[in-house]
Amino acid sequence: QVSAALKEGHVTPTELCQRCLSLIKSTKFLNAYITVAEETALKQAEESEKRYRRGQPLGVLDGIPVAVKDNFNTAGIETTCASNMLKGYISPYNATVVQKLLDQGAVLLGKTNLDEFAMGSGSTDGVFGPVRNPWSYSRQYKEKSLPKSHSEDEESNWVITGGSSGGSAAAVSSFTCFAALGSDTGGSTRNPAAHCGVVGLKPTYGLISRHGLIPLVNSMDVPGILTRCVDDAAVVLGSLAGHDPKDSTTIQDNFKPFELPNLTDVSKLSIGIPKEYHALGLSSEILDLWSKATDLFENAGAKVIEVSLPHTRYSIVCYHVLCAAEVASNMARFDGLEYGHRSDMNKSTESMYAATRREGFNDVVRGRILSGNYFLLKQNYENYFIKAQKVRRLIANDFVKVFGGGVDVLLTPTTLSDAVPYMEFIKEDNRTRSAQDDILTQAANMAGLPAINVPTGLSERGLPVGLQFIGRPFQEKQLLTVAKWFEKQVKFPIIQLEMKRNDHGAFQHQKSAS
C-alpha cells in the first residue's frame, strides 16, 4: 500500500523517512534500535525521491524504510552484536542481504537491538539493555492487565519482546519501519514475532545468503524477515533469495520472486498437527487457539491429520550441544588481534587473549564457549557432538517422512505462552529460558525447513499470540500462501499504542506512516 502511495505521489520517500525517524525518537524508551542512521537514511530517501520523479523506481521496496538487526555487517554503520567485544566496530562491507535491500532502493533507518551475539530468547542480555515490547504500552494490554490507578505499574509490568531479534520485531510492531531483518538460529525471528504480533519468516536454509551475518551456528543460521503482513514478507523474500557466490551454502538455481495468490479453496490442502508439540508448559490459551485454528482449516474443507515426529523430544538437548559446539568455534575469531575490543593487558599474548575475551563477552557467551569446548574435547567428541549430529539426522528424517506421507504444511504453536513481564523473565538464567522458549521452533532449524509465525489472536492479558506453519524445503510459495489465507481468516487486531509519560502525541503519524 505504501509503495503504491509513493508511486502515486501521495507521500514522498523523504516524508516517509522523516515520519519513521520521528517515531523512532518518540519510541526511544522501547530501546529497539542500537544505532539510528538518520543522515544516511535521509540521503537514501532523497535518491529514491529523484528516481520516483523520473518515473524510474527500482521496485516495490524503493523508498520503503527498513531496519536491520545489529549482527548484519553494514558498511559505514557500526555493527556491535550488542556486545562490548564489537563496540565501535565498523565493517568495510555490507552483508549480502543488506546490499540487496539497498540495491532495491530500500531506506536503511538503523540497526536494531538483540541479545549479545544473538544468544538468548528475550532480547534482554545485550550491553545496550533490554528491549521493551510495544504491546506493553498498548490500550489492549493496559485495559486488561494494569490497574487504572497505578501508573508506576507501567514501569514494572512491561513485557519482553522475545528474542534474539527483539529489536527488529519491536521496530516493525511500533510502526517505526515497514520491514526488518532478523536472524533465526533456533527461533530468533519467529519467537519475537509471536510476542510482538508481527509476521516472522524463517526461510529454508540456503535460500538466502548468510554472507555478512556474524555467525552463531553456521549450520542453522538463516536471515529472517519481520513484517506486518504475509504479503510483505513475500515481497522482501523475493528481493533477498537466490544464489550468492560469497556463500557456498546458498542454492545454485535462480530464484523467481512470486506474488501470493488469494487462496479460496483449501480442500486440496493437507495440514499436519504434530502430537509431540503438545509440549510441557504449553499454556491452555495457546492450546485452545491451536485447536480453533485446526477447526478453522477443517471447517473450510482442508484435510487435517495428526502426525508424529518421534524424535522431537530429543531435539532441544541435541540443539544445545550443537549450538554450543559451533559457538565455541565461531567465537574464537574474537581474540583482540584483528578487530573489535583489545585489552590493555600486555604481559603476554595469551594473557591479552584471555583478558580481551573476559572483558568483551558477557557471562552467557562465555558459558556457551566453555560448554562448547567441553563437548568438543577429544574424550567427549563422540559422546556429545557426533551423537547430537546423528540425532539431528533422525529429527530431519521425521519431517521427510511426514511430508513424504502427503502432508503439505505443519501447524504448531510458536511459543509456550504470551510474553512475560521482564521482572519475571530475568528470575531464570538465559540457558534455562532459551531451552524453554526454543522448544517449539528449533526443530525447523535443525531440519533446515521454512517456517513462519502468523499473529493469531490476543491472550486474556491483551498480548499477541502466534501460531507457526512449517513447510517443505524450498516450498516458500505454498507455505506463505497458506499463511496468507490463515491471516485473512483470523483478522489479527492492530496495536493501539498509547505513549509513555508525556509523549502522548507521538503516534499522531501512526495512520499515515502505516
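The values are calculated or read from the model by the stated rules, or taken from the named source; none is laboratory data. Everything quoted here is computed from the prediction, not taken from an experiment. For neighbour counting, all protein chains shown are included, and Cβ atoms are generated from backbone atoms with ideal geometry for every residue, glycine included. Quick note on the areas: whole protein, heavy atoms, side chains included, nothing else; ligands and nucleic acids left out. Shrake-Rupley method; radii C 1.70, N 1.55, O 1.52, S 1.80 Å.
General remarks:
- Odd one out for D253, checked against (1) open to solvent by 70 Å² or more (accessible area, probe 1.4 Å); (2) within 30 Å of L213 (Cβ to Cβ); (3) modelled with pLDDT of 95 or more; (4) of a type outside the set (F, W, Y): (3)
- Filtering G281, G336 for residues that are among the small types (G, A, S) and open to solvent by less than 30 Å² (accessible area, probe 1.4 Å) leaves a single hit, G336.
- Of the residues screened, A355 is not one that is within 24 Å of the chain's Cα centre (by Cα) and farther than 22 Å from H195 by Cβ.
- Which listed residue is out of contact with any Cys (no Cβ under 6 Å at 6 or more places or on another chain), of a type in the set (G, A, S), open to solvent by 10 Å² or more (accessible area, probe 1.4 Å) and over 30 Å from D363 (Cα atoms), from S156, S138, S145, S174: S145
- Any hit, the range 168-180, residues being within 22 Å of A483 (Cβ to Cβ), within 21 Å of the chain's Cα centre (by Cα) and among the polar types (S, T, N, Q): yes
- Residue match in the range 290-298 (condition: over 23 Å from Q436 (Cα atoms), open to solvent by 50 Å² or more (accessible area, probe 1.4 Å) and outside any helix (DSSP H, G or I)): no
- Candidates G105, G9 - the one that is touching a helix residue (DSSP H, G or I) at 6+ places or on another chain (Cβ under 8 Å), small (G, A, S) and over 24 Å from R210 (Cβ atoms): G9
- Checked against the criterion of being touching a Ser or Thr at 6+ places or on another chain (Cβ under 8 Å), surrounded by 20 or more Cβ atoms within 10 Å (Cβ to Cβ) and within 19 Å of G59 (Cα to Cα), the candidates V236, V222, V198, V230 yield just one match: V236.
- Taking first residues from the range 392-403 that are buried (at least 16 other Cβ atoms within 10 Å of the Cβ) and partners that are at pLDDT 95 or above and basic (K, R), the Cβ contacts under 6 Å between residues at least 6 apart in sequence or on separate chains come to F403/R472.
- The helices (runs of 4 or more DSSP H) found entirely in the range 418-458 that carry 2 or more residues being buried (at least 24 other Cβ atoms within 10 Å of the Cβ) and at pLDDT 95 or above are 442-447.
- Every pair of residues 6+ apart whose Cβ atoms lie under 7 Å, when the first sits in the range 372-390 and is farther than 10 Å from C318 by Cβ while the second is open to solvent by 100 Å² or more (accessible area, probe 1.4 Å): N380/Y374
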